[in-house]
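Pasting a structure below so you can have a look.
The values are calculated or read from the model by the stated rules, or taken from the named source; none is laboratory data. This one's a predicted model, so the numbers in the text were calculated from it and none came from an experiment. When we count neighbours, we look across all protein chains shown, and the Cβ atoms used for this are built from the backbone with ideal geometry, even at glycine.
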Amino acid sequence: MADLIAYKCPNCTGKIEWNSTAQSMKCPYCETEFDLETLQSYDDALTQTAGGDGETHWEQPAGSEWGSGETEGMRAYHCESCGAEIVTDETTSASSCPYCGNPIIMTGNFAGDLKPDFIIPFKLDKEAAKKALLQHYEGKRLLPRVFKSQSQLDEIKGVYVPVWLFDAEADGNMRYQAKKVRTWQDKGFSYTETSFYTVTRSGQIDFERVPVDGSTKMDDTVMESLEPFDFSAAQAFRTAYLSGYLADRYDVSAEQSAERANTRMRESTKQAFRATVQGYSSVTPESENISLNAGKAKYALYPVWMLTTSWNGNQYHFAMNGQTGKFVGNLPSDKGKAWRIFFLVTAIAFAACWFLTGALSQNGSNPLISAIIALIIGGITIAVLLSQLRSVAQQTGAAQYVRQDGLRLAGRNDLFTHKQTERTAIPGANQGGGPSSGGISGGISGGIGSTGGALDPFNTRD
């Protein structure tokens, strides 16, 4: 049995030993007994999901070269303030930076860089962007009343933002600890039975065209807030699409952008696997190993309207998806109005709570409880109203870029390991000769793969 001494208890991680009296493996710390056959299955499950996350090796875009005469008539502009490099055709003049609003100077003819593989042409015009800005103000209760009338639209420009698009296959091996809890009671005791499971999942999920902003001047959270762009409307790049618009030159390589794509794909992979573990009271990840393979990157230009307004000595920047019309940009708040709404809501909530607690309780109204509930309601109300002013938020995953076949499970196993039953005396009840005080009674029953000598019916293996 020397090879079994290394087993760890799934319950308390203590070292499991052979118990000659019980004729089974038993943990000397929590006294859980284990079935040998299923203990081996548990160990196999741990082995299969062991190891660290694999490294991702991206196939860098070779990048097509600019054809003869393709860059003729294209001009390059440079912003001395934020460093933006803007490209456009010779018929479109640029006097200010679309990112920071400072003057930019023409540096000459455009040359160099990779040629974009794709471009999504602008579908919405400047007037649509102006209209969207006014609509963005509507319904914001905490927006200063004078902001709409006194704010000045300083700049509005259509910009093609450089974006790296990443494809990858994610292979996952996940292990979770899951619990099922059942409660009941008799005349003298209440019982809580907890069944423990080791759940493993393995499989693959493919991602397609996860976008990462390739410009340091463009706020990454703003670009992610404008997603999704409809790639079905993408076209092979042609310089003619730049006519009348500006195009930012990428200054972040595909290799540098890959880390953000990896983070988003890993997060969505974890969520997809976790969604397959159902029917439990609680699920806790123990091991989440993900490797991204067959990584490829393409270079594209996405259409964005950039708008800048000024009010009360401050500048406010907004952006609109030039294809779908999605509009984002954080707005200022009126602190005085926020406090007035808070006090009004709190007062109304307090009065309502005072009346309800008085009507429902034989002891009359409780002012402390009413005040606490009213303050919570007032705080939640202000938090909701403030959230309406904040539309810029970083994406947490890449679920919308999962290919249609979704998650393909290669293996799934829900392995019952052991069971614990806690018996607690009900105060004042007749225990009928049982324990006079609460506590754990009956010890820990079952073992890995066994409940009274029989395998748990939930245990499945594909």
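Return yes or no: is Q271 in contact (Cβ under 8 Å) with a residue 60 or more places away in the chain, within 24 Å of Y401 (Cβ to Cβ) and out of contact with any strand residue (DSSP E or B) (no Cβ under 8 Å at 6 or more places or on another chain)?
In short, yes.
Determine whether Y241 is at pLDDT below 90 and in contact with a Leu (Cβ under 9 Å, 6 or more places away or on another chain).
yes
Please verify whether T221 is out of contact with any helix residue (DSSP H, G or I) (no Cβ under 7 Å at 6 or more places or on another chain), under 18 Å from T324 (Cα atoms) and either assigned by TED's automatic domain parsing to the domain that holds V159 or not in a strand (DSSP E or B) (or both), treating the condition exactly as stated. It would help to see each step written out before you state the result.
Numbers: out of contact with any helix residue (DSSP H, G or I) (no Cβ under 7 Å at 6 or more places or on another chain): yes; under 18 Å from T324 (Cα atoms): yes; either assigned by TED's automatic domain parsing to the domain that holds V159 or not in a strand (DSSP E or B) (or both): yes.
Yes; evaluated as a whole, the condition is true for this residue.
Table: residues versus (1) out of contact with any Lys or Arg (no Cβ under 7 Å at 6 or more places or on another chain); (2) within 30 Å of S243 (Cβ to Cβ); (3) not assigned by TED's automatic domain parsing to the domain that holds F166.
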residue: S253; (1), (2), (3): yes, yes, no
residue: R274; (1), (2), (3): yes, no, no
residue: P285; (1), (2), (3): yes, no, no
residue: N293; (1), (2), (3): yes, no, no
residue: M306; (1), (2), (3): no, yes, no
residue: T309; (1), (2), (3): yes, yes, no
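Could you list, in sequence order, all residues of region 240-288 that are closer than 20 Å to K180 by Cβ and part of a strand (DSSP E or B)?
Listed by number, the residues that qualify are S282, V283, T284, P285, E286.
Residue check: is V277 farther than 18 Å from L165 by Cβ and under 27 Å from the mean Cα position of the chain (by Cα)?
Judged against the criteria, V277 is a match.
Just to check your reading of the model, which residue among T396, T357, T381 is modelled with pLDDT of 95 or more and not assigned by TED's automatic domain parsing to the domain that holds K140?
Working: T396 fails: modelled with pLDDT of 95 or more; T357 fails: modelled with pLDDT of 95 or more.
Of the residues listed, the single one that is modelled with pLDDT of 95 or more and not assigned by TED's automatic domain parsing to the domain that holds K140 is T381.
Kindly indicate whether V328 is in the same structural domain as V161 (by TED's automatic domain parsing), aliphatic (A, V, I, L, M), under 30 Å from D206 (Cβ atoms) and modelled with pLDDT of 90 or more.
Criteria met by V328.
Give the residue, chosen from L368, L386, that is more than 30 Å from G244 (Cβ to Cβ), at pLDDT below 90 and surrounded by fewer than 17 Cβ atoms within 10 Å (Cβ to Cβ).
Answer to the selection: L368.
Next question, about the same structure. Can you pull out the residues in region 227-247 that are without any contact (Cβ under 8 Å) to a residue 12 or more places away in the chain and surrounded by 12 or more Cβ atoms within 10 Å (Cβ to Cβ)? Steps first, answer last, please.
Here is the first cut: in region 227-247, the residues without any contact (Cβ under 8 Å) to a residue 12 or more places away in the chain are 232, 240.
Listed by number, the list is empty, since nothing qualifies.
Could you tell me which numbered condition F350 fails, if it satisfies all but one of (1) without any contact (Cβ under 8 Å) to a residue 60 or more places away in the chain; (2) in contact with a Leu (Cβ under 8 Å, 6 or more places away or on another chain); (3) hydrophobic (A, V, I, L, M, F, W, C)?
(2)
Oh, and also: For V222, state whether it is without any contact (Cβ under 8 Å) to a residue 60 or more places away in the chain and crowded, with 19+ Cβ neighbours inside 10 Å. Can you show your working first?
Values: without any contact (Cβ under 8 Å) to a residue 60 or more places away in the chain: no; crowded, with 19+ Cβ neighbours inside 10 Å: yes.
So V222 fails the test.
Shifting gears a bit: Evaluate the following for Y191: is it assigned to a strand (DSSP E or B) and crowded, with 17+ Cβ neighbours inside 10 Å? Steps first, answer last, please.
Details: assigned to a strand (DSSP E or B): yes; crowded, with 17+ Cβ neighbours inside 10 Å: no.
No, not satisfied.
Can you give me the number of residues within region 112-168 that are in a strand (DSSP E or B), of a type in the set (D, E) and either closer than 19 Å to L307 by Cα or not assigned by TED's automatic domain parsing to the domain that holds T221 (or both)?
Here the count works out to 2.
What pairs come out if I take residues in region 141-162 that are over 28 Å from V252 (Cα atoms) and at pLDDT 90 or above and pair them with residues that are surrounded by fewer than 19 Cβ atoms within 10 Å (Cβ to Cβ) and small (G, A, S) whose C-beta lies under 7 Å away, six or more apart or interchain?
L142/A338
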